[in-house]
1. How much FRET efficiency would the formula 1/(1 + (r/R0)^6) give for Val483 and Glu509, where r is the Cβ-Cβ distance and R0 is 25 Å, rounded to 0.05?
2. Between Thr289 and Ser246, take the C-beta separation as r, use R0 = 35 Å, and let me know the FRET efficiency to the nearest 0.05.
3. Determine the distance separating the Cα centre of the stretch 555-594 from the Cα centre of the stretch 595-657; give it in Å without decimals.
4. Listed here are the pairs Lys149/Lys216; Lys49/Lys94; Lys49/Lys307; Lys45/Lys598; Lys53/Lys115; which of them are more than 32 Å apart at the Cα?
5. Over the stretch 213-328, with the other protein chains present, what is the accessible area per residue in square angstrom, probe 1.4 angstrom?
6. Out of the total accessible area of the stretch 10-200 (probe 1.4 Å, heavy atoms of protein only), what percent is carbon and sulfur?
7. What are the residues whose amide H is under 5 Å from the amide H of Val254, where those residues sit 5 or more places off or on another chain and H is modelled from the backbone?
8. In whole percent, and with a 1.4 Å probe on the protein chains, what portion of the accessible area of the stretch 508-594 is carbon and sulfur?
Amino acid sequence: MSSIIRLLPDHVANQIAAGEVVQRPASVVKELLENAVDAGATVIKLVIKDAGKTLIQVIDNGKGMNETDARLCFERHATSKISIAEDLFKLQTKGFRGEALASIAAIAHVELKTKQADAELGTHVIIEGSKIVSQEVAVVPDGTSFIVKNLFYNIPARRNFLKSDTVEFRHVIDEFERVALAHNNIQFVLINNGSEMFNLPASNYRQRIVNVFGGKTNEKLVPVQETTEIIEIQGFVAKPEYAKKSRGEQFFFVNDRFIKSGYLHHAVTAAFEGLLKEGTHPSYFLYLTLPPNSIDINIHPTKTEIKFDDEHALYAILRATVKHSLGQFQVSPVLDFQRDETLDTPYALENTKSVEPTVQVDAGFNPFLDTDVKLGSYEYQKSNRSYEDVFSSKSSSGFKSSSSGSLSSKMNASSFPSYSKNTDSNSGWETLYDGIKPATEDILTAQGHTFESEVKNETLFELDDTERNFKNQSYQIQKKYIVSPIKSGMIIIDQRRAHQRILYERYLESLSLQNNSSQQLLFPLTLYYATFEMELLKSLQTDLVQMGFLFETLDNEKVIISGIPVTISESEVSIVLEDLLNELQSEFPDEKDVLKDKIAKSLSQSLAVKTGTYLTDKEQENIVDSLFACKEPNVSPFLKPTFITMRVEDIDKKFML
Ligand code: ADP
Ligand code: MG
């Protein structure tokens, strides 16, 4: 029998290796930028077209290659950076595996122009799918330029797998930022589709961070600095109040290399303990320097994960160092974001002694001796009285916290007017049944009567005449659900999901209407975002304007907003936009309608009342009325049920046990 094992041809082996090294355009960007850094460049320029799908070019002024190396660099395991195994443990360069260029050349059209400073002429190489198409002597500037075109041209499956340009470009920016933040002494330029997006001059770390993330970043940074025998730490953490809802700005660099480490991330988060608002993440830019022989970089093809010799010690040092910095810069005392000022002791009473209340008890009182009142109505009136008492005293004494006050005005004044067709609360309640219909129709038809007959011909609540004025009464339980009696039993509405549905439909509608009204701001709002976020905002501009936003300025530096939709309050604008940008960073739909849907969803999520918010009677009523005026009241925009109904029969069954 003849043997069947064969060595794979180089171009096949390279394509396989490419699968590991090159996942998307951003992977090419990372490899080329790192090669330029390794070549000792002081200026590195990245040119991108169509998120890198069409073109990625990196131009550097580094040491260049001679004629032979210009061809050899595309061979697998061809590297000038290590020669013996021991070199792996004293790495000073980003690259060492010698497989990036071979991989890239296997799956794209690549062009290389390179020249060493002391050479008269340079070299021009064209290589496609691992095959050298041409190599010529050429007149080119000192340094190296790689052009990578039509990535994955020969692997359609991989090309189709790429995400939208916005998402792929976000990845490109991520890699650019990581390399640029690690190498502050090199000038980096990024040109995207013909326009300059970044031009970062050589500078110190702080200035580099500010240049990447925008002018406002400076005031957020708290310096971190520590030198021990096993590690040197420098860099910055952002003050806790600037913690973000997304994990965007979290950077560890180990010996000038961006790395990901869940363990070290935990150490930093632990240092912030008690300082962060729930659901927010601290930003940090930490530069760690360790002896090269105490780390192993060669555990992952993309070299973003590394192994440390003494992880536990590093954890402890890092946590203590960050904690110390936060303390030193007086951001440490626990900030209570939920603090309710109305509960503070007034200044004038601060040093006075508290007085014990005196309680008068009618020792002879026995409620069961009150024979004049029938038990049922006694209970009803009693609970009704206490209900009214509680709520009227709350609002008249100003006990109600200011946050629920603003919620109330928001709900009444802005969130609901579009549903004013239901100003008569009865008609609102009738719509309620339209809404319930799809959910309960089956059950009702099975019982031999249709829904319509139940709704239209009878009163909605089986209350006797004296109770009729309470027929729209609802109760809030656990500041989470609105419970209300209906003829067949009761309905339990999830307040947050219901409000999300209401807002979602409202925003969706306003995104398709022209001339939505907008409220002019007395003092225009200035907001600052990272360059990439500004780009995103620009691509959303038309939709946002349609909703009622007015932009006075929207450039790479800042955004000045002079008008906002009537449905959003000024204090909510930054939260709404931040959430929206977070949402769209990971997935930016190309399809217009899908984008609108995403915007409406994001806004509904940011602005819907939170679970745990107290709702007044009027607010509860508004939610119920508006929910059932919706096109699809049964589910939230995220397809979770907004309400459930419990029939009397179901309740009866529970009592039969
Ligand atoms: P590695 O970086 O792991 O050595 P690469 O495939 O990325 O492997 O590059 C192969 C070799 O090509 C490098 O070792 C280096 O000698 C050379 N090279 C790549 N890019 C450049 C550049 N921009 N300037 C000079 N030499 C380069
Ligand atoms: Mg390399």
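1. The formula returns an efficiency of 0.30 here.
2. For R0 = 35 Å, the calculated efficiency reads 0.80.
3. If we compute the Cα centre of each part, the gap is 25 Å.
4. Pairs exceeding the cut-off: Lys149/Lys216; Lys49/Lys307; Lys45/Lys598.
5. 44
6. 50
7. HN-HN under 5 Å from Val254: Ile259, Leu288.
8. Result for the stretch 508-594: 49 percent of the exposed heavy-atom area is carbon or sulfur.
The values are calculated or read from the model by the stated rules, or taken from the named source; none is laboratory data. Every value quoted in this text rests on a predicted model; they were computed, and no experiment measured them. Note: ideal-geometry Cβ built from the backbone for every residue, glycine included; neighbour counts use all protein chains shown. Areas reflect the complete protein model, heavy atoms only, side chains present, ligands, DNA and RNA absent. Shrake-Rupley method; radii C 1.70, N 1.55, O 1.52, S 1.80 Å.
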